[in-house]
Amino acid sequence: MQQSQGIYVVGAGGHGKVVISTLQETGQPIAGVLDDNPGLQGQSLMGIPVVGPSSLLARHAGTRAILAIGDNTIRRNISSQYPSVEWITLIHPRAYVHPSVKLGRGTVVIAGAIIHVDSRIGAHVILNTGATVDHDCRIGDHVHIAPGAHLAGNVSIGNGAFIGIGVSVIPGVTIGRQAIIGAGASVVRDIPANVTALGVPARPTP
Ligand SMILES: CC(C)(COP(=O)(O)OP(=O)(O)OC[C@H]1O[C@@H](n2cnc3c(N)ncnc32)[C@H](O)[C@@H]1OP(=O)(O)O)[C@@H](O)C(=O)NCCC(=O)NCCS
């Protein structure tokens, strides 16, 4: 792999397409796509060649890249495997991030997402299409907030949690690390770590 000024997109799936389109909207150059599935290598994604596996990230210190994989555990594993990569933070031009918000490295904010005053977002988080995070929220590392999910103010989400499409979370609730909140749930009480919670109101599954 040549040392490149462009950004490598890691992940040639559906979220890879969303990240490529977001990079294109910001006008940043894309160096290529990396994917560990040998069947995808040599193919292209939205006209961008899949040049090889993620291990190519180790070739040059300071390579710029972004993880475009929806699975929180895979993002965590790859990000810890390649500490010398410069993981870029990406914000779609039609997302809104209040200037007081702190975003961790590798985090991506997709079109239509909103992050409001004094919220803190960890590293390698996905704020997906149209998701909203209101004031004073605390979001850990490697969290995925799926399209159209809405967090009220003062919500805390632990590392590695997944918030499904269309979820609503009322103010002040804490969702534990690695929890999974199913699509369409309404979270009105704290949710412990490592559980799957479903429904309205959201309850942990047995
Ligand atoms: C919660 C979730 C992870 C569970 O997935 P799973 O373990 O494969 O669950 P299954 O599809 O086998 O369903 C198991 C049971 O839970 C129910 N169920 C699944 N998801 C549910 C949800 N979101 N709300 C209520 N019930 C749900 C199913 O109807 C099924 O019930 P049954 O046993 O009575 O038939 C998944 O359904 C979900 O909601 N994923 C969110 C996906 C998403 O938002 N993706 C965004 C990508 S950008």
In degrees, nearest ten, helix 14-26 long axis to first principal axis of the chain (Cα): 80 degrees
Quick one: work out the % antiparallel among DSSP beta bridges in the chain, nearest 5. 10 percent
In degrees rounded to 10, the 0-90 angle between helix 72-81 Cα long axis and the longest Cα principal axis of the chain is 50 degrees
Space enclosed by the convex hull of the alpha-carbon atoms of region 89-201, per residue, Å³: 62 Å³
Give me the percent of DSSP beta bridges within region 7-87 that run antiparallel, rounded to the nearest 5. 15 percent
Inverting the mean 1/r over all pairs of different Cα atoms, compute the Kirkwood radius of the chain and quote it in Å. 17.1 Å
Quick one: among ALA58, ALA161, ALA146, which has the greatest mean-square fluctuation in a GNM of the chain with alpha-carbon springs under 10 angstrom? ALA58
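Taken together, the values in this text are just the output of simple stated rules run on the coordinates, not laboratory data. In this text the structure is predicted, and so the values were computed from the model without any measurement.
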